[in-house]
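Asks: Sharing a structure here in structure tokens format.
The values are calculated or read from the model by the stated rules, or taken from the named source; none is laboratory data. Worth saying up front: this structure is predicted, and the values here are computed from it rather than measured. All Cβ positions, even for glycine, are placed from backbone atoms using ideal geometry, and neighbour counts span all protein chains on display.
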RNA sequence: GCCCUGGUGGUGGAAUUGGUAGACACGCAGGACUUAAAAUCCUGUUCGCCGCAACGCGAGUGCGGGUUCAACUCCCGCCUGGGGCACCA
């Protein structure tokens, strides 16, 4: 009988569900293995073929590990809080909990279709009170802790209080304010409010002030991507920076440990680099300069941060950020107007724009800094490329050694001092550290690299600066002015943040009437009198709160006492394989690494890196299809003369653009179709054509050919009246690779493909598409090939005409060889996540078995086990037809035996001067001397050597032979 | 601007450590079976040249250099597609 995938897949999915085949226990004699997919947000748009790529990869690997005898944890759940549901609620008045639950149902049905081996009993949802109760609890741990720099780990804030009471803060520098110093006596004399304010400066979760994108017209705070060119994306209203009270996590205290931890985990080099750059540790110095405005010496000083203190004698100007507080005092009378203009200009610019701007902009303040060694007056400028948040918000400009400084100096014709002699050519900056210093007073003749330490020491001796380690990373903003997130378990009491007791958790998200923001940029919770009346915090937590620890909850999802029992986390330990996209390179991955370290420090778990190995999946791009609307031009005018649309097939467009087809020819074609539309005069007046590309739904295009019967119904018949100018009876679309998205009509729904070809085909095709970690465009056409492969495999067992084919005979050497080659290659490929080559290996093996007419059980049975991770349904079906009553899911993975694949001879390619000229079968036992002799005897070789003497004979055993003449 | 990542036939891709470039599949072309279609099977398919064909020759992995007996693979300099960003010092 033929391969009936629909009934087979339904049958086994039901069976596996009924038998609880994917249930995982927290105790087992088998070794554990934990495979995790990145937490999905259940969006309303549903899955497209790009989403399951990583899930299929992780599913294959989980099943593979299970066959190898591991107890495999492979859970799934939902990162269910988030902005889209809230936006939806605002627009449609539907409670986010309701729409989210709906989305999850759809999501789940789509996942089930594909036949994943998730243990659904372990599902978690971050918006579920039984889950966020522990998110709140972990927040309280962060709130109740500080980072003890002395021992390099987090500790209870109670220990800090005791220390303050007995010794002041002498042993605990305040991370928020290094100048804060007090004795035990002082501490004990402080009123409670002041003590609490100080403690807040130490807590790992703390309240501070921060800037947000405030849009007055919308009355709300906007995310960065909702702001475009300084105005709101929706409506184009102005957006300004507004300072609000915000919660933060003191992740900066963990910068070094997050950096060091990277060496202990198996992340790609690229990923580690991205995190390293994000943390951005640099070594340098802070140097202070005194300032003058005109003749007046200012009391303020200007502190700059530099990684190159050795270049201080090359300073030709200073640049401060436009937000720098010194600007007021420093700006001279003459410069006031231009400075104000410049500051106004900068206010309209986002940080991103300021960074990306290629055009040099800046403004002189009129004030000067005094060089600490030479006393030279150095002009102080303002420029948008310097940002207030990093370092001190001020830099020293050294044009000869820094490219940007150099361009700045040239642009504003600031004279350039050369401190590196010939190493600087006067045209471009040279950022070397190895040049010898000149014009540098006591550093003259020194190599720059060495001068750095000398200079740092000198400025420390003089008390005008100090060595300083800087991080680009800053504390993580941890509050949102939103409704659909975890409420903070915090009650405000006369300006003091009081944590709720554990017994009061979960602090439930209250019901609201509407989801509009509260007054003055506060969140919707500020609209609830009872909530505000109790002094409860009106911010909610951001999306990454729930996703920073979810991998722990899967280990013990139903625990009502703890976030996760120690025995469960000790058993499952780290995630062995984590699969997800690079978009989480820094955000999510860094935060969850941070939370894990804190929980480790506090003794809650026994490991400090959450993910042992990370595999990044590439993005599946859409392959968009276009139809072309014809527009006529006359001079500058662009006109649509036609009362209804004329859609031109791609061939005409290409012909016109290549200059092979004239305007008149195309118009004549149109006139032939609809004489009423084009008249003589129009044809005369038309000078050119424009082909307006319109996205057309890829699902009504076969390859490039548009299905004309369906296009007329598309979008409620929007194109029903269109006129179609065809190429040889067909409408051919244009194509382009773009991001897969609904708006581009290039999404392909996995449900339809599963319906048409089955889950096994779909799974294998997603893998066959290319390396899992690379981005690639989707093309539905190729799926046929994979489907044919499964049918071919099926026919090895059961032929439509000939019936059941499997026989018990002992396989011959060729058959054994096919099997064992496949075992080796498929296990290796699966192990290194090269799923695409594994799929081709399956195809090659089936092709070969087919050629050998092999239907032997001893070959086919182990082959099915190999296939199980990739195509579980068909494998289980054929397995049961072979007579097994147990499930193939727990079969033993076949062992590779080298004896079956050993070769005695090899067909060597023989090159002369690197060009292959012959192939020769030579025994693998032959020594180099023997090989040389055999090769040189060959007539073909002699011919190619043309009698020239042999210079070199290269023999790589088992690979190739090269003769150099 | 910065960071990351790609670029190989008509298409997706293979080549795991520098060792026969184009596996496997799609598409396309031709053929078999069929009343016909579907399904299936067979043959061919990097480009150019000579040729009936076999065989053969030349070129070829984004571009330009380099290292090497040998480069898709390593080095230098460019071009270009994709993705990300909070803060370049």
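Asks: Filter the stretch A:778-800 down to residues that are near RNA strand B (Cβ under 6 Å from one of its atoms) and more than 15 Å from residue A:844 (Cβ to Cβ) and give me whichever is modelled with the highest pLDDT.
Replies: A:791
Asks: Continuing with this model, one more query. Within the bounds of the stretch A:337-352, is there any residue that is in a loop (DSSP other than H, G, I, E, B) and within 11 Å of RNA strand B (Cβ to nearest atom)?
Replies: Scanning the stretch A:337-352, I find at least one residue that is in a loop (DSSP other than H, G, I, E, B) and within 11 Å of RNA strand B (Cβ to nearest atom), so the answer is yes.
Asks: Right, another one. Restricting attention to helices (runs of 4 or more DSSP H) lying wholly within the stretch A:1-96, give those where 1 or more residues are in the same structural domain as residue A:610 (by TED's automatic domain parsing) and at pLDDT 95 or above. So that I can check it myself, show each step before the final result.
Replies: Numbers: elements: A:5-19, A:52-67, A:83-92.
Passing ranges, in order: A:52-67.
Asks: Within the set of pairs 6 or more residues apart or between chains, which connect a residue that is assigned by TED's automatic domain parsing to the domain that holds residue A:826 and farther than 13 Å from residue A:54 by Cβ inside the stretch A:762-783 to a residue that is part of a loop (DSSP other than H, G, I, E, B) and near RNA strand B (Cβ under 6 Å from one of its atoms) with Cβ atoms less than 6 Å apart?
Replies: A:776/A:769; A:776/A:770
Asks: Of all residues in the stretch A:457-482, which are farther than 24 Å from residue A:210 by Cα and buried (at least 22 other Cβ atoms within 10 Å of the Cβ)?
Replies: Of everything in the stretch A:457-482, just one residue is farther than 24 Å from residue A:210 by Cα and buried (at least 22 other Cβ atoms within 10 Å of the Cβ), namely A:465.
Asks: Looking at A:922, A:941, which is the one that is in a helix (DSSP H, G or I), over 46 Å from the mean Cα position of the chain (by Cα) and within 13 Å of RNA strand B (Cβ to nearest atom)?
Replies: Details: A:922 fails: in a helix (DSSP H, G or I).
Among A:922, A:941, only A:941 is in a helix (DSSP H, G or I), over 46 Å from the mean Cα position of the chain (by Cα) and within 13 Å of RNA strand B (Cβ to nearest atom).
Asks: Given the criteria under 30 Å from residue A:9 (Cβ atoms), surrounded by 15 or more Cβ atoms within 10 Å (Cβ to Cβ) and away from RNA strand B (no atom under 16 Å from the Cβ), does residue A:700 qualify?
Replies: yes
Asks: Still on this structure: Mind checking which residues of the stretch A:944-953 are near RNA strand B (Cβ under 8 Å from one of its atoms) and surrounded by 12 or more Cβ atoms within 10 Å (Cβ to Cβ)? Full working, then the answer.
Replies: Of the residues in the stretch A:944-953, the ones near RNA strand B (Cβ under 8 Å from one of its atoms) are A:944, A:951-952.
A:944, the sole residue that qualifies.
Asks: Hey, could you check the stretch A:225-240 for residues that are without any contact (Cβ under 8 Å) to a residue 40 or more places away in the chain and touching a strand residue (DSSP E or B) at 6+ places or on another chain (Cβ under 8 Å) and say which is nearest to RNA strand B (Cβ to nearest atom)?
Replies: Start the filter on the stretch A:225-240 by keeping residues that are without any contact (Cβ under 8 Å) to a residue 40 or more places away in the chain, which leaves A:225-226, A:228, A:231-239.
Subsequent filtering for residues that are touching a strand residue (DSSP E or B) at 6+ places or on another chain (Cβ under 8 Å) retains A:226, A:231-233, A:237-239.
Values: A:226: 12, A:231: 17, A:232: 16, A:233: 14, A:237: 20, A:238: 19, A:239: 14 Å.
Result: A:226.
Asks: Go through the stretch A:584-624 residue by residue and tally those that are closer than 30 Å to residue A:780 by Cβ and assigned to a helix (DSSP H, G or I).
Replies: 1
Asks: Taking residue A:375 as the residue in question, decide whether it is on the phi > 0 side of the Ramachandran plot and in a loop (DSSP other than H, G, I, E, B).
Replies: Considered against the rule, which asks whether it is on the phi > 0 side of the Ramachandran plot and in a loop (DSSP other than H, G, I, E, B), residue A:375 comes out as yes.
Asks: Restricting to the stretch A:303-318, count the residues that are surrounded by fewer than 24 Cβ atoms within 10 Å (Cβ to Cβ) and part of a strand (DSSP E or B).
Replies: Of the residues in that region, 2 qualify.
Asks: Of the residues A:219, A:168, A:210, which is under 25 Å from residue A:344 (Cβ atoms) and in contact with a helix residue (DSSP H, G or I) (Cβ under 9 Å, 6 or more places away or on another chain)?
Replies: When all the criteria are applied, what remains is A:219.
Asks: Would you call residue A:396 assigned to a loop (DSSP other than H, G, I, E, B), within 16 Å of RNA strand B (Cβ to nearest atom) and closer than 30 Å to residue A:325 by Cβ?
Replies: no
Asks: Sticking with this one: Given the criterion touching a strand residue (DSSP E or B) at 6+ places or on another chain (Cβ under 6 Å) and touching a residue at least 12 places away in the same chain (Cβ under 8 Å), identify the matching residue among A:920, A:889.
Replies: A:920
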